[in-house]
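Structure first, then comments.
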Amino acid sequence: MIFKSIRVRALAVAGIAFGLTTASLIAVYLPQTVTLAREPYKRVEKLLATDTTILGQPIAYPAREPARVTAVIVTLRPGEETGWHTHAVPLFGYIMEGELTVDYGKQGKKVYKSGDSVIEAMNTPHNGTSSGTGSVRIMAVFMGAQGVANTTMIDVKK
C-alpha cells in the first residue's frame, strides 16, 4: 500500500513537472515563431533577366524539337577543374556555394561567387576552376532539345 501511494505521488509529480516544462517551452518559443512569421521577406527574388550570355552573345535555343530541360548540380573541390568544354544550348547557372573562376580563353576570365547567376557562354570553349577555399556547388539548368548535347568536352591546346 505504501509503495502504491509513493508510485502515485511520483507519477503526479512527474506529470506536473512535464506540464510545467511544456508550458515553459511554449511560453518561450511560441512568441519567437509568431515574430518570425511576421517578419518581411522576399517572396519572389529575381536572380537574372537577360537576353544575352555572359559574353554578350544573343541567347539562341536549339531549332530541334521536342524541347528538353535538364537540371544538374555540379560540385568541384578546391582547385578542381571542369575541363575545357562548350555548350550548344542555353545554360542558366546559379552558384549555390563557393567560388568559380571561368577561363573563356581570349575573352578573359570571370569569377562567380555564392549567390551569382549567369547565362553561360554558348559555343565558346571555357574551363571552370573551383577557386575558393572550399568546394563550389553550381546548379546548372540546360534549356536544350532531345538529341542535342548539353555539354561537349573539347581538347584545347594552350
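Computed from the alpha carbon positions, the gyration tensor of segment 67-153 leads to an equivalent ellipsoid with semi-axes of 21, 15, 11 Å, biggest first.
Round to the nearest 0.05 the FRET efficiency obtained for Val156 and Lys42 when R0 = 30 Å and r is the Cβ-Cβ distance.
0.15
Summing charges over neighbours of Ile59, with a neighbour being any other residue whose Cβ is under 14 Å away from its Cβ, gives -2 when K and R count +1 and D and E count -1.
Take each peptide in 110-116, 88-94, count the other Cβ atoms within 10 Å of every residue, and average; sorted highest first, the result is 88-94, 110-116.
Peptides 74-80, 47-53 ranked from most to least packed, by the mean per-residue count of other Cβ atoms within 10 Å: 74-80, 47-53.
The numbers here are math on the coordinates, done by the rules we state, and not lab data. Bear in mind the structure is a predicted one, so any value in this text is a computation, not a measurement. Here the Cβ is made from the backbone with ideal geometry for all residues, glycine too, and neighbour counts use every protein chain on show.
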